[in-house]
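Below: the structure, in structure tokens.
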Amino acid sequence: MAATEAATDAASNEVTNIDPTAPQKTVLITGATDGIGLALARLYQGSGWRVLTHGRKDRSQLPREAFFSESTYCQFDLSRPGSGKILQKFLTDQRIDSIDILILNAGLGYYGPVQDQSAESIQELLEVNLHSPMEITQALLSLVEKAHGKIAFISSVATALPCPEFGVYTATKASLEGFARSLRIELSGRVDVRLIHPGGTHTGMHEKCGIPSTKMDWTRFPSAETVAEKIVHSLSGARSQHTIGTSNRLARLAGRHLEGLLDGTMRRSAR
């Protein structure tokens, strides 16, 4: 068996040991039409979970997957207010009364100096990266609580680092982390709140956000499939917070404890 196939099988085994007599477990993933979200959906689907997905693309643009059917895929744009109510209605229509894992994965970024970003793009980042996860959490909390389930926030290693020309993105993710940490204590004993820092991943996000490849060679980042496998592994364990990859863990450590040194190094490299 090829190494990648073995890794995928190992990650799939981490999702759950399926008991044919037990009720089927349910996972809902936002931003599941590509990148990490799509890779997560495929892993959970392959392990027998009922996979519900969200995205803003029309189903005609999506690959033929069971989790992109009319009854499993909820299409809407997270940049518009009301995301929690939309998902809540979708789940009610599909008679979904509990969620074992809610993965708030959808994210958006724009590259460039803050003075060059429009008010509309800043508002879009706030809606997609911060407001919508909060709205969805509030709207679906009772369904996760009924299953004694988990809410997983997909954050970014960038929250511990200075990120010139990614300042608005970093701010939205840092704010989301504050929400998740507070929620973890608030919901203790009722819902398991997780915080995941994937680090750089080879997806379409970097090209979409406008960063030139001369500034960041995203083709050298680990694949979405590799990162998704590690997220699945983490969610099957007991860690409330997990940073994926040794280099990312070191970067977060430096960001938290060596702020002055790190800031100076980044200023010099930017000249």
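Summary table
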quantity: Failed item in (1) part of a helix (DSSP H, G or I); (2) in contact with an Asp or Glu (Cβ under 9 Å, 6 or more places away or on another chain); (3) open to solvent by 30 Å² or more (accessible area, probe 1.4 Å), with V128 passing the rest; calculated: (3)
quantity: Matching residues in region 82-98 - criterion: being assigned to a loop (DSSP other than H, G, I, E, B) and either touching a helix residue (DSSP H, G or I) at 6+ places or on another chain (Cβ under 7 Å) or closer than 25 Å to R194 by Cβ (or both); calculated: Q94, I96, D97, S98
quantity: Residue that is surrounded by the most Cβ atoms within 10 Å (Cβ to Cβ) [pool: residues in region 181-199 that are among the hydrophobic types (A, V, I, L, M, F, W, C) and farther than 18 Å from L40 by Cβ]; calculated: V191
quantity: Residue count for region 185-229, restricted to those that are at pLDDT 90 or above, among the charged types (D, E, K, R) and farther than 24 Å from L250 by Cβ; calculated: 3
quantity: Selection count, region 33-50, where residues are aliphatic (A, V, I, L, M) and under 16 Å from S69 (Cα atoms); calculated: 2
quantity: Residue match in region 52-74 (condition: in a loop (DSSP other than H, G, I, E, B), open to solvent by 80 Å² or more (accessible area, probe 1.4 Å), modelled with pLDDT of 95 or more and more than 18 Å from E135 (Cβ to Cβ)); calculated: yes
quantity: Check on K25, surrounded by fewer than 20 Cβ atoms within 10 Å (Cβ to Cβ) and at pLDDT 95 or above; calculated: no
quantity: Test: residue in region 99-117 that is outside any helix (DSSP H, G or I) and of a type in the set (D, E, K, R); calculated: yes
quantity: Only listed residue being farther than 20 Å from A224 by Cβ and either open to solvent by less than 60 Å² (accessible area, probe 1.4 Å) or more than 13 Å from the chain's Cα centre (by Cα) (or both), chosen from T92, T30; calculated: T92
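Yes/no matrix, rows are residues, columns are (1) among the aromatic types (F, W, Y); (2) in contact (Cβ under 8 Å) with a residue 12 or more places away in the chain:
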site	(1), (2)
W49	yes, yes
L52	no, yes
R59	no, yes
F67	yes, yes
D77	no, yes
G82	no, yes
K89	no, no
T92	no, no
N105	no, yes
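The values are calculated or read from the model by the stated rules, or taken from the named source; none is laboratory data. A quick note: this is a predicted structure, and the numbers were derived from the prediction, not measured. Ideal geometry is used to build each Cβ from the backbone, glycine not excepted, and the neighbour counts take in all protein chains shown. Just the protein is used for accessible areas: all its heavy atoms, side chains included, with ligands, DNA and RNA removed. Shrake-Rupley method; radii C 1.70, N 1.55, O 1.52, S 1.80 Å.
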